[in-house]
Amino acid sequence: MAAAVVLADRGYLELSAVERGKQRRVRELVFSLPGGGVSPSAVRYADSAGGYWYQGSGQLGSVTRNRFIHWATSGGTLELAEESLDINLLNNAVHIKFQNCSLLPGGVHIFETQNNVVILISTSQTVHRLMLPHPARMYRSELITESQMQSIFTDIGKVHFRDPSNFYVIPTLPGLAASSTASAAWLSSDGGALFALPSASGGIFVLNLPPHNAHGTVSTVELKQSSVMQRLLTGWMPTAIRGDQSLSDLPVSLSVHCREHDAFVFALYQDHKLRMWSYKDQMCLMVADMLDFVPVSKDLRLAAGIGHKLQLAYSETLGLYIGVYLHAPKQGQFCVFQLVSTESHHYSLDHISSLFTSQETLVDFALTTAEIWALWHDDENQATVKYINFEHNVAGQWNQVSVQPLPDEEVDIRDDQDPRETYSEAIFMPGQFTNAALLKALQGGLLQIRCRKHQGMRPGAVLQPPWRQCSRRSGADQRLPMTGPLTGLRRQAHSASRSPGERGTRQR
């Protein structure tokens with residue numbers, strides 16, 4: 001996980017959140033369905049990752065200052081880690097394995113309440129609510145001066161994952177759609193946990209887990225677009241009665257905007273239409289065809305929009321912004337809208353901007369009320385981060401974020417280079433060592449100088465380090481492996497930042 005710092009007139013630079021002190025100890029927990037569940041599915045969803053900054057992360061006196069949670073999914077394994085740029089967090093990492101399940105891409109949603117941090121998780125067979133103590137309840141002092149403290153994951157081993165009030169098996173009817181991995185989740189005003197998922201019979205179904213420690217049963221609501229005649233007669237008809245499915249029924253991306261006593265479920269469908277549903281009224285309040293904003297849409301209209309993505313951004317002063325990425329074989333396009341409502345509760349979209357993208361592959365994007373931040377894969381499959389102001393950028397020029405490259409596992413030595421000097425430069429590159437490691441090395445060096453001075457040795461006489469004792473090899477390009485305890489820690493830290501599946505293919 002990384003943070004970004006702004007440089008005046010130059011853009012943004014990635015700052016890697018490195019470990020401080022001892023190597024992270026990762027605990028493993030296993031969740032198994034009662035009775036073992038069904039046999040594992042042959043379908044394996046794509047790996048995904050994300051993060052969450054605490055609401056008080058920008059407040060100097062807050063216990064959550066510069067503190068965040070990041071997560072990664074691979075198959076049936078969820079990695080959770082809490083990090084801080086200021087202090088050491090103890091017991092801050094955990095792996096949760098869901099047996100016979102696969103986590104939906106992007107199916108991890110994190111929320112804060114006054115007393116808890118709530119993590120909502122969606123898998124191919126289950127939904128889960130994970131209740132953890134809020135840091136403000138663990139440490140009540142207004143100004144944190146300790147160099148280390150316990151993470152919210154410290155007592156996660158005491159959580160009862162099979163508590164019926166905090167998990168639910170997705171019912172076979174309507175069932176989860178096999179051809180869509182979209183999902184959304186939110187907390188209701190009364191503390192309930194809601195999960196919006198694509199239905200196997202078309203449309204969206206919402207599972208509602210009652211508030212924590214409250215008696216109640218899980219309820220299911222299905223949202224489905226009815227036919228023209230049915231809309232004229234009733235405006236709503238459950239999918240179980242209709243039984244048919246078309247491109248207009250299958251959402252490829254979901255997002256939710258919560259209101260005081262309702263939630264607007266935004267769904268981008270395979271037919272390139274954006275629909276807004278009221279969860280409380282179970283009605284479709286708005287439909288907008290995204291192809292109306294595409295210059296040449298003939299070819300795109302004939303294809304299913306399986307690569308489209310949707311994000312929301314809200315401001316109390318500016319209102320709700322909707323960002324849509326329309327995937328096309330040759331050129332992608334971002335469209336940004338603002339939701340407009342009338343006194344009669346009729347809704348429409350105000351088109352703000354359209355931005356066209358290059359041939360790079362979009363991994364994911366985030367939306368603010370002023371900018372789009374996007375993560376891409378280029379032609380060489382390297383990750384790049386770019387951002388753009390969608391209102392005040394007539395030229396459509398994307399700004400590059402300077403990201404920190406991953407360290408090479410081997411050092412290339414040309415014939416005209418001294419292996420000792422090249423190896424030494426690679427070891428002492430900026431960012432290779434944590435502050436704690438540098439401090440320990442300095443303390444050790446000072447202690448060695450004192451010992452030599454006490455023994456009457458010349459102050460400048462020091463032993464040559466091991467890499468100074470290696471001899472030059474002849475021949476063509478040489479490759480010296482990056483070994484040693486400090487380099488091993490560096491590799492392991494970078495390995496922890498990758499998904500489990502990626503690490504399995506890159507380790508040597």
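Each value in this text was obtained by applying a stated rule to the coordinates, not by laboratory testing. Being a predicted model, the structure only gives us computed values, none of them experimental. Counting neighbours? That spans all protein chains shown, and the Cβs are built from the backbone with ideal geometry, glycine included.
Could you sort out which of Lys97/Lys158; Lys224/Lys280; Lys309/Lys386; Lys224/Lys309; Lys97/Lys309; Lys273/Lys309 sit more than 23 Å apart by Cα distance in this structure?
Lys97/Lys309
Highest mean first, how do 187-199, 378-390 rank when packing is the count of other Cβ atoms within 10 Å averaged over residues?
Final packing ranking: 187-199, 378-390.
Just to check I understand the Karplus step: with θ = phi - 60° and J = 6.51 cos²θ - 1.76 cosθ + 1.60, what whole-Hz values come out for the range 156-163, glycine and proline as x?
So the Karplus estimates, Gly and Pro as x, are 5, x, 8, 6, 8, 5, 9, 5 Hz.
Between the alpha-carbon centers of the range 255-299 and the range 79-113, tell me the distance in whole angstrom.
30 Å
Fewest Cβ neighbours within 10 Å first, please rank Glu260, Glu425 accordingly.
Lowest count first: Glu260, Glu425.
Would you please give the residues with an amide H less than 5 Å from that of Asp364, counting only those at least 5 places away or on a separate chain, with H modeled from the backbone geometry?
The answer is Leu375.
Sort 283-289, 313-319, 160-166, 118-124 by packing, meaning the average of other beta carbons within 10 Å per residue, with the highest value first.
Highest-to-lowest ranking by the protection proxy: 118-124, 283-289, 160-166, 313-319.
Give a residue-ordered list of calculated ³J(HN,Hα) values for the range 374-383 (Karplus: 6.51 cos²θ - 1.76 cosθ + 1.60, θ = phi - 60°; whole Hz; x for Gly, Pro).
Here the 3J(HN,Hα) series is 10, 10, 10, 10, 8, 5, 8, 6, 9, 7 Hz.
Can you check what the net charge comes to around Gly106, using other residues whose Cβ is under 13 Å from the Cβ of Gly106 (Lys, Arg +1; Asp, Glu -1)?
Net of charged neighbours comes to -1.
Residue by residue through the range 165-180, what is 3J(HN,Hα) from phi via Karplus (6.51 cos²θ - 1.76 cosθ + 1.60, θ = phi - 60°)? Round to whole Hz and write x for glycine and proline.
For the range 165-180, the Karplus curve yields 7, 10, 8, 8, 7, 4, x, 5, 10, x, x, 8, 5, 7, 9, 9 Hz.
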